[in-house]
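What follows is one structure encoded as structure tokens, with my remarks underneath.
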Amino acid sequence: MLCWGNASYGQLGLGGIDEEIVVEPRKCEFFNGKVLHDVGCGRRHTVFLLGDGTVYTCGCNDLGQLGHEKARKKPEQVVALDAQNIVAVSCGEAHTLALNDKGHVFAWGQASDGQLGIGSIEECIRVPRNIKSLSEVHIVQVTCGYLHSLALSRRGQIFSWGQNKYGQLGLGLEGPGVSTPQVIQSLLGIPFVQISAGGAHSFGLTPSGAIFGWGRNKFGQLGLNDNKDRCFPSLLKTLRSQRVVYICCGEDHTAALTKEGGVFTFGAGGYGQLGHNTTNHEVNPRKVFELMGNVVTQIACGRQHTLAFIPSSGKIDSFGLGGNGQLGTRSTCNRKSPAPVKVFHPSIHPFSKPSCIIYTHKWLEFSLTLNSILEIHVVCFCFFLQVAASLEKNLIPNLSSSPPDIEALRLYLTLPQCPLFSNPSTYITLAIPFAKAVISLKDAPLKVLGNWWSQIEPAVFQGLVELYKEVVVYLLHMQKVGIPPSEHRIFTCFLSTVYCVEACLIPQFAACGCTSYIVIFLLGQVIDSQVILCKYPFIFDAQAKTTLLQTDAVIQMQVSADSLFLSGGAAESVNPCLILIVRRENVVGDTMEVLRKSKNVDYKKPLKVIFVGEEAVDAGGVRKEFFLLIMKELLDPKYGMFRYYEESRLIWFADKTFEDVDLFHLIGVICGLAIYNLTIVELHFPLALYKKLLKKKPTLEDVKELMPDIGRSLQQLLDYTEDDVEDAFCLNFTITVENFGATEVLELIPNGMDISVNNQNRQDFVDAYIDYIFNTSVAPLFNAFYSGFHKVCGGKVLELFQPNELQAMVIGNTNYDWKELEKSAEYKGEYWAEHPTIKLFWEVFHELPLEKKKQFLLFLTGSDRIPILGMKSLGLVIQPTGGGEHYLPVAHTCFNLLDLPKYSRREILREKLLQAIEHNQGFNLA
């Protein structure tokens, strides 16, 4: 161990030397052959902790701060602690604290301000005493200010006691000292990993680097941009993003070390102790410029000087007051900027405060593993009943709606991992109150929590979703079997709770199991209660929403048909179905003619299609064929109704067209009829269409989907980091469009030709561009489409859908899982999964290229896309036919039924199957 500085009271432990000051590091021979674990420096005394847990002290003993009455100029053991295994020590101005391996704290020395925490005010205590009020708390760290003390518990609580003249105890008031440890209530819920105390100011550091300071601030030592004392802990916001890993305090200044090895100092600078080559005070943290470029791994503060260790060069830099040789520069001059300590043995770890050598690395490790540690503790202990009771009565009710720092939000990530939350018997007492606590959070912490949820592992997040899915299903079951009126409030309150948190947690909860109760809730009010489930769309997954829409369609069709009879309408208008008789060669004209003559109420009826000259009876398959043909015709480029984008292979409304808007109205009606009649249609529109149908605003992402090149350009404009947007892009608020070979420049806003795009208005330009593409340029055409669509599908049920769900309802999807198709297939007659013909069929089918498989779907179902519910919902059925091998397979598209002759050879089966699927248009009776 090396030591230097003031030796007038023997505090350096060098024995009876003649010098009162030591101006360069000198080896302390007493510790030869011993392992030194920690050192604490007071105003005139020093405490040493050895690796075996024994404690030695030296220096001034006027107030009993040495804990023994032996010689004071060389280290002597504190025999009163001989039975203890001490793990940490700290010194105040004239008092000392020691912490043993069981978390107990011992104190001795000056006691005039209650700084020993023993409950009495005395001049001094000369023998170490246990602080009994902390005996039930496991303390992991202690630190001393001049006349006050702090302790950090294993649970992250900070205790304070002693002088409180400047609010340095953080208890919310200034004034008389406190002689017993008090919890700092305003910091409850925040995990801390380090505490530090200066002359009359205090700090706490969290795992992610948040710093809270309180106490004296005359020189700006709290770093809060003023000189006002603080009696409450205040967040040092300017260092919040710097990832601070260690903080230490001098009498009136503070130093902070970042994970990247940077050093920030603030507070009193009269002796140069801030290292900024000036004697100015700093009320804000300022990086030490002359240490930049070096990675500092440890720092320490004396009363009015600072040390920094740079391992790459093996040197210590010091700066500040040097009158007692404490800078170790062989001089007693002050230093306003870092200068090397004159260490003549660079292989020795030269540091006057090795406690930070030891603990800095521990804090770094703790910061990285905090979540896993908490998770291990939860898994190990939360099975016990008393834990559930503690969570219910103590923890969850005390969760704050406005935590003092984001560290307190970590609990919201770890607590739901507790297995008790997954126990149905604790849903009401734990899971639901926890959810209420989540939505009680104010906007800022709720946004942080939402960001965390979006970044955690999918499996972990899925577990959270599954938990609350089960809670919702549990409540739905309770509602179905009947719950007391007193519980209705809990039920509705919880659903409202999850509804509010929906945007942060997940777009919708997958509440499988609730679909069997949908019809009960569909019309709005649950029997015997006021719970309206349709107010909470997140409860329903895609299957549930689809069932809702289908049920709503059936009900509306039935209501429509029944109303005709009740109104006593004419006999010719009482047909329970909407009948379309069309010719293949004039499918658009015939359809428009029938729909023009139809009333709005007719759109709610089941659709039946008859192709002139064809024998098939429409049980679903003919209808599928109709939708396929009419959409293909309407979207044909010859009409010029839509513009095709080559790069995305999508279409959008043409801003100029010669066709009547009635055709757009017809397309909207056709899409609505397809949904109501559970039929997939070909409609290559971007997601923006479905957003607009649901009255949601398109965004830049929608431009990227439709026009990737334009989307990339707009994104580059927004991402441009220089200040010369106007010169670099040369844009104004106009858009260039091309119609029928002619180019036209249009203004996006009034006088847009004269308004240049610059750094300040580029977001406005992008917004105006998006608005023109999706709204302004196509307003009459889209409005006609919207009107037609909502004429059929308008209603509350549609509002349950997300845009991507509505898109899948209209056009299906291409999430092909051919193995799932085979797995879910059913067989009739003598066919079964292991029948030779069936085995041949699936072997041939799986060998087909993707396009041929899609043609098979078109042949079988009338569409090459699959429903929103997946491949298994197709319900393929295969049955044998009585003919020979010369017959082709026959598809009954109404029922997704395949008649498959009993082929005996692979070649024949392949030939006949391809022949059938390549000639898939037209309907006849089989």
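Each reported figure results from applying straightforward, stated rules to the coordinates on display, with no laboratory input. Given the structure is predicted, the values throughout are model-derived calculations rather than measurements. Here Cβ is always computed from backbone atoms with ideal geometry, including for glycine, and neighbour counts include all displayed protein chains.
For the range 217-282, the list of GluC sites (Glu not before Pro) that fall in a loop by DSSP and count at most 10 other C-beta atoms within 10 angstrom reads GLU260.
Computed extension length for GLU585-GLU744: 53.5 nm, one decimal, from 0.36 nm per residue of separation with the Cα-Cα distance subtracted. In this calculation the C-beta distance from GLU614 to LYS697 is compared with R0 = 56 Å, giving a FRET efficiency of 0.80.
Where in the range 784-820 does the amide nitrogen come within less than 16 Å of the point 7 Å from the Cα of LEU850, taken along Cα to Cβ? So the set is 813-819. If the chain linking LEU718 and GLU69 were pulled fully straight, counting 0.36 nm for each residue of separation and taking away their Cα-Cα distance, it would gain 226.4 nm. Loop-located trypsin sites (Lys or Arg not before Pro) in the range 128-181 (DSSP state other than H, G, I, E, B) with a sparse environment of at most 14 neighbouring Cβ atoms within 10 Å: ARG154, ARG155. Computed extension gain for ASN398 through TRP452, at 0.36 nm per residue and net of the alpha carbon distance, reaches 17.2 nm. For LYS597, a cut-off of 16 angstrom between C-alpha atoms picks up these aspartates and glutamates, skipping any fewer than 8 places away in its own chain: GLU572, ASP662.
Take the Cβ-Cβ distance between LYS638 and ASN284 as r, set R0 to 60 Å, and report the resulting FRET efficiency rounded to the nearest 0.05. Could you put the intermediate results ahead of the total?
Details: r = 70 Å, r/R0 = 1.16.
That gives a FRET efficiency of 0.30.
Database remark: amide H of PHE642 closer than 5 angstrom to the amide H of ALA654 (H placed geometrically; neighbours at sequence offset of 5 or more, or on other chains; Pro and chain starts carry no H). Summarising the label geometry, the points placed 7 Å from Cα in the beta-carbon direction at CYS577 and LYS599 lie 2.1 nm from one another. For the range 829-840, 3J(HN,Hα) computed residue by residue from phi via the Karplus equation (6.51, -1.76, 1.60; θ = phi - 60°) reads x, 7, 6, 8, 4, 9, 5, x, 5, 5, 5, 4 Hz, glycine and proline entered as x.
Remark on VAL193: its backbone amide H falls under 5 Å from those of LEU205, THR206, a criterion applied only to residues 5 or more positions apart or on other chains, H modelled at 1.01 Å from N.
Each residue, ASP754 and THR881, gets one label point 7 Å from its Cα in the Cβ direction; the gap between the two is 7.5 nm.
Working from label points 7 Å from Cα in the Cα-to-Cβ sense, the SER337 to VAL465 distance is 5.7 nm. Here the Karplus curve 6.51 cos²θ - 1.76 cosθ + 1.60, taken at θ = phi - 60°, turns the phi angles of the range 279-289 into couplings of 9, 6, 7, 10, 8, 10, x, 9, 6, 6, 4 Hz, with x standing for Gly and Pro.
Legend: calculated FRET efficiency, GLN77 to ILE17, from the Cβ-Cβ distance at R0 = 22 Å, rounded to 0.05, equals 0.55.
Rounded to the nearest Hz, the phi-derived 3J(HN,Hα) couplings of the range 802-814 under the Karplus curve 6.51 cos²θ - 1.76 cosθ + 1.60 (θ = phi - 60°) are 7, x, 5, 6, 5, 4, 5, 5, 7, 10, x, 9, 10, where x marks glycine and proline. Here is the result for the range 275-326: no trypsin sites (Lys or Arg not before Pro) lie in DSSP coil with at most 12 other C-beta atoms within 10 angstrom of their C-beta.
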